[in-house]
Amino acid sequence: MTLPFGPEHLVVAPVLLPLATAALMLLLGEGRRGLKAVLNLASAALGLALAVALLLRVDAASAPSAFAVYLPGNWPVPFGIVLVADRLSALMAVLAGAVGLAALLYALARWQHAGVYFHVLLQLQLMGLYGAFLTADLFNLFVFFEVLLAASYGLLLHGGGMARVRAGLHYIAINLVASLLFLIGVAVLYGVTGTLNMADIAHKLPLVPASDRGLLHAGAAILAVAFLAKAAVWPLNFWLPPAYAAASAPAAALFAILTKVGVYALLRLWTLCFPASAGASTGFGGEVMVWGGLATLAFGAVGMLASQQFARLAGFSVIASSGTLVAAIGFGHPALTGGALFYLATSTLAGAAMFLLVELLERSRQVELGPAQLDDGNDALPVFFDAEPPPSTNLDDNEEALIGRAIPAALAFLGVSFTVCALVVAGLPPLAGFVAKLAMLTTLLEIGSGRSWALFGLLIASGLLAATALMRVGIRHFWTAGDAPAPRLRVAETLPVAALVAALVALVLHGEAMLGYTREAAQALHEPQRYIDAVLGTRPVLRAAGAAP
């Protein structure tokens, strides 16, 4: 397929598309919701297609050219805005597009009518996500962070209600504090290095004098606290379960990737600025990330087991996945990072599907019983309780009739979808969550240190606790349903869940290729000089004399 613009413009397209769509929908005013839904759906689908095209482009390139660098203002690096797509950022963009499209499809059934600006907020959320994954400088990372957070504030409150307002205030407060820390950390780093371009910062760090090394570490630590708060690392994650549980189903599904933005920022900056060649700063903060991740993983696993509501259990599963990723990143081992990136993809898709299933499962529990099942005050037993069964009826050991009953299609769909998500979240075979955890466990055995054994044990224990908690939810929703009628599901609600489940199945069917991709992405991350050379070596496009600017 030939694109109507040069391939280098593919990097900026995922950012500009939702921005233009949101602006157009604002011009349409508060009405015309049908037209807005069509525009939103077309834009979200096209954004996902652009992200997939970007991923295919960087994956097809050889190692030196596996970076797509774009200068929006055509200013030389590091003075202008720079967007960079590599294997990691392209993977994150695809995940953002997939989760955003699934959340939108689900919302078209009814949630789009709960607020006037739902479609605009969703497009701004996607713009912030795409921008955060593709930007190459700290200032614009902060800008895109604020765009996606501002949109998430509106989406969290979408639909109204006291529970959403209460949880939303906590969510906004913690993110405002994190944003303040973000600004302070960026200011300190700029004061030490004189630049905000990530590649340029990494290039200049070895030149920082020893007298300023403490200030450099202080700025990096403040910035890391901001990212850790956004990644929901313990003890900065008390806000997540109530906020995600209170949000509407499509908003909560989209929020499944928000914590991964903090994880992405940590991974990007830590591998760039503190690699093995960083001298006195080598691996700075790695121990904190490992032990903080372990504490977060344990907290999330125990929280899942203690949760009585499926929505809160899904929120704690997001915390557990963040802890796993942060701990794995802290080891600084390429093979472990590769397995963690595979786990990031599977946990994000499974988390989004679980938040969509929360509402559908709760609806199935709230289906009203039919008239024949209601107590009419008559103490007489129905005829079939004291009557003899027909002679041809099969009886069990208690001389009770063995009666087969067909499972309704809606209940079967919910059961299969829930089982797939549960297997992925718990890391049980044969699905992709098991492949990702097995890749990490194998590497941890090779490392063989005390930290690696701690993460090894927690990965297994957390999987056991998650399986127990999810099994309890399954029993409550599917095995004790009694004779209640099956819930009525809309096609618009089942389609995104089915798509996410199909993506999880596809990840295990193509597990070898996916694991190879994530390992190449991890290898590039742990060889930061390739990223630095690609960004700093990019030159503005020279225009012919007299050409239009």
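The values are calculated or read from the model by the stated rules, or taken from the named source; none is laboratory data. Every value quoted in this text rests on a predicted model; they were computed, and no experiment measured them. Methodologically, a virtual Cβ is constructed for each residue, glycine included, from the backbone with ideal geometry; neighbour enumeration extends over all protein chains shown. Surface areas here come from the heavy atoms of the whole protein model, side chains and all, with no ligands, DNA or RNA. Shrake-Rupley method; radii C 1.70, N 1.55, O 1.52, S 1.80 Å.
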(message) Between Gly160, Gly154, which is open to solvent by 10 Å² or more (accessible area, probe 1.4 Å) and not in a helix (DSSP H, G or I)?
(response) Gly160
(message) Being within 20 Å of Ala60 (Cα to Cα) and either open to solvent by 60 Å² or more (accessible area, probe 1.4 Å) or at pLDDT 90 or above (or both) narrows it down to one residue among Ala502, Ala513, Ala544, Ala548; which is it?
(response) Ala513
(request) Looking for whichever is more than 21 Å from Leu536 (Cβ to Cβ), open to solvent by 10 Å² or more (accessible area, probe 1.4 Å) and of a type outside the set (Gly, Ala, Ser) here; the options are Val147, Val192. Which one fits? (result) Val147
(message) So, in region 102-115, exactly how many residues are of a type in the set (A, V, I, L, M), surrounded by fewer than 24 Cβ atoms within 10 Å (Cβ to Cβ) and within 17 Å of Ser152 (Cβ to Cβ)?
(response) 1
(message) Take the residues in region 29-42 that are of a type in the set (A, V, I, L, M) and surrounded by 15 or more Cβ atoms within 10 Å (Cβ to Cβ); name whichever of them is nearest to the chain's Cα centre (by Cα).
(response) Leu41
(request) Please enumerate the residues belonging to region 308-352 that are open to solvent by 10 Å² or more (accessible area, probe 1.4 Å) and either assigned to a loop (DSSP other than H, G, I, E, B) or among the polar types (S, T, N, Q) (or both). (result) Gln308, Gln309, Ser317, Phe331, Gly332, His333, Ser347
(request) Restrict the check to region 391-409 and report whether at least one residue is under 17 Å from Ala301 (Cα atoms), at pLDDT 55 or above, open to solvent by 40 Å² or more (accessible area, probe 1.4 Å) and among the hydrophobic types (A, V, I, L, M, F, W, C). (result) no
(message) Which numbered condition in (1) modelled with pLDDT under 80; (2) open to solvent by less than 30 Å² (accessible area, probe 1.4 Å) is the only one that Leu10 fails?
(response) (1)
(request) Inspect region 283-295 for any residue being part of a helix (DSSP H, G or I), at pLDDT below 85 and open to solvent by less than 10 Å² (accessible area, probe 1.4 Å) and give the result as yes or no. (result) yes
(request) Please enumerate the residues belonging to region 43-64 that are assigned to a helix (DSSP H, G or I), among the aliphatic types (A, V, I, L, M) and more than 22 Å from the chain's Cα centre (by Cα). (result) Ala60, Ala63
(request) Hey, could you check region 199-252 for residues that are buried (at least 23 other Cβ atoms within 10 Å of the Cβ) and outside any helix (DSSP H, G or I) and say which is nearest to the chain's Cα centre (by Cα)? (result) Ala231
